[in-house]
Amino acid sequence: MGLTTASHGLVHLYEGVLPPLIPILIGVFHTDYFHLGLVVTIFSYAFGLGSFPAGFLADRIGPRRLITAYLFGSGFSAVWIFSSGSLTSYVVLMGFVGLFCSTYHPASNTLISHTIREKGTAFGIHGIAGSLGVALAPVLSAWIGTAAGWKAPHILFGLFGLGVGLYSLTLGTPTPGPAPGGAHPPQKSAEEPRGISYLSLAVFLASATCLGLTYKGIMTFLPSYMGENVHLPFLRLDTVSLGGTIATVALLSGALGQYLAGRLVDRYQPEKIYLAAVLLGTLFVFAMALSSDIVLILSAVFYALAYFSTQPTQNYLLSKYLPKHRQGLGYGLHFSLTFGVGSTSAAFSGYLADRFGLQSVFYAMGLCFIISSMLILVLLKRSGGRIRGM
């Protein structure tokens, strides 16, 4: 778990490095929200769509090799941003970072699913590392970018990635081991995943894609939205540093959401937990659109708690729905849809922000939450409280 937790936090530092810098980059490249949202979309398309072939490879060459490839490839690409002098070259390099990052999620989730029995708890612990990366990215990127220039956070994160890559080379081949809390390695039994109907799987993937749209739209513009709408007299910070700091404070609750959901899905029907989390997320996204200052911060805290609890739940559901020899492919498809197709909302949200203001982004993402909730209701009805074989 050491390698996967460090690598998971890092992948979300790469993903979150750009949004806090948007106010700076608008001036550096003489551009607007839409074009910077387009950069996020290109990164995320590479990040997401590359996951599908990565999942295919995870089932054939092993997930550990893919994790090492991600660490070195993304690390070198991020460091090379020091040479970027135009928006075009920046887009190309961010695309390469995203492409190498695309191998991570299907590889790590396959590794966890194959080697740990209490998958919900393991996915929760793994998710906490990712949530910490998501939460820390705004404040680290904003403060480092303000102090040392917009290229500095990319370079520092890249150097960290290369260091973790060197560490990965010192590790042996993983073998099935105990679950968190001392559980025994997985044994072949009636607990072996059997899957559900293709229709139910399609409904699940559609709901996850809707949540992917909300994730990318909100995360791209949350720091800027916080910087515009939070006014606390005791915080004498520039807009960039303020937005990044407040976004980090709000997003830290996502780690708690990952942990709680990871514990619960080992004990209760995961479809019900999934639905409850998305309904809460819907409520607080609209609250964010309607509020400012302290109420906005509290709404963002509860949004992050709800949203990030969906991630270990989704991973757990896929491990149950798919046979073991197809889990890498399934995780690859899942992340291709959520991070790849979902990334479309970054550019679309940039267009909305330019035309109607940043508040409109949160209304649009709230509608995606509503659609996801309706799909999960269908999934819950079809599950009938149990996992059905194909």
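For this structure, a couple of remarks:
- Quotient of Cα Rg and 2.2 N^0.38 Å for region 344-387, N being how many residues it contains: 1.64
- Considering only S253, S51, S292, the Gaussian network model of the chain with Cα springs below 10 Å gives its largest mean-square fluctuation to S292.
- Relative contact order for region 215-288, counting Cα pairs under 8 Å that sit 6 or more residues apart, in percent: 22 percent
- Only helices enter this figure: runs of n ≥ 4 DSSP H residues, each worth -39500 (n - 2.57), summed and divided by the residues of the chain, yield -25500 deg cm²/dmol at 222 nm to the nearest 500.
- Note on region 309-375: semi-axes of the ellipsoid equivalent to its C-alpha gyration tensor, largest first and rounded to whole Å, are 30, 13, 8.
- Pair-distance distribution of region 7-110: all C-alpha pairs, bin width 10 Å, starting at 0; shares per bin in whole percent are 16, 47, 26, 10, 1.
- Length-normalised contact order of region 1-105 in % [C-alpha pairs under 8 Å, at least 6 apart]: 39 percent
- Normalised by the number of residues in the chain, the average gap of Cα pairs under 8 Å and 6 or more apart makes the relative contact order 30 percent.
- Additional length obtainable on full extension of the chain from L166 to L377, 0.36 nm per residue less Cα span: 71.4 nm
- Calculated FRET efficiency, F76 to R355, Cβ-Cβ distance, R0 = 35 Å: about 0.40 to the nearest 0.05.
- Net charge dipole size for the chain [Lys, Arg +1 and Asp, Glu -1 on Cβ; Debye, nearest 20]: 1220 debye
- Interatomic Cα distance distribution for the chain, bins of 20 angstrom, percent: 31, 59, 10, 0
- Residue among E228, E271, E15 with the largest mean-square fluctuation in a Gaussian network model of the chain, springs linking Cα atoms under 10 Å: E228
- Among L49, L38, L235, the largest mean-square fluctuation in a Gaussian network model of the chain (Cα springs under 10 Å) belongs to L235.
Since every read-out is calculated from the coordinates, none of them should be taken as a lab result. None of these values were measured; they are calculated from a predicted model. Every residue, glycine among them, receives a Cβ derived from its backbone with ideal geometry; neighbour counts consider all protein chains shown.
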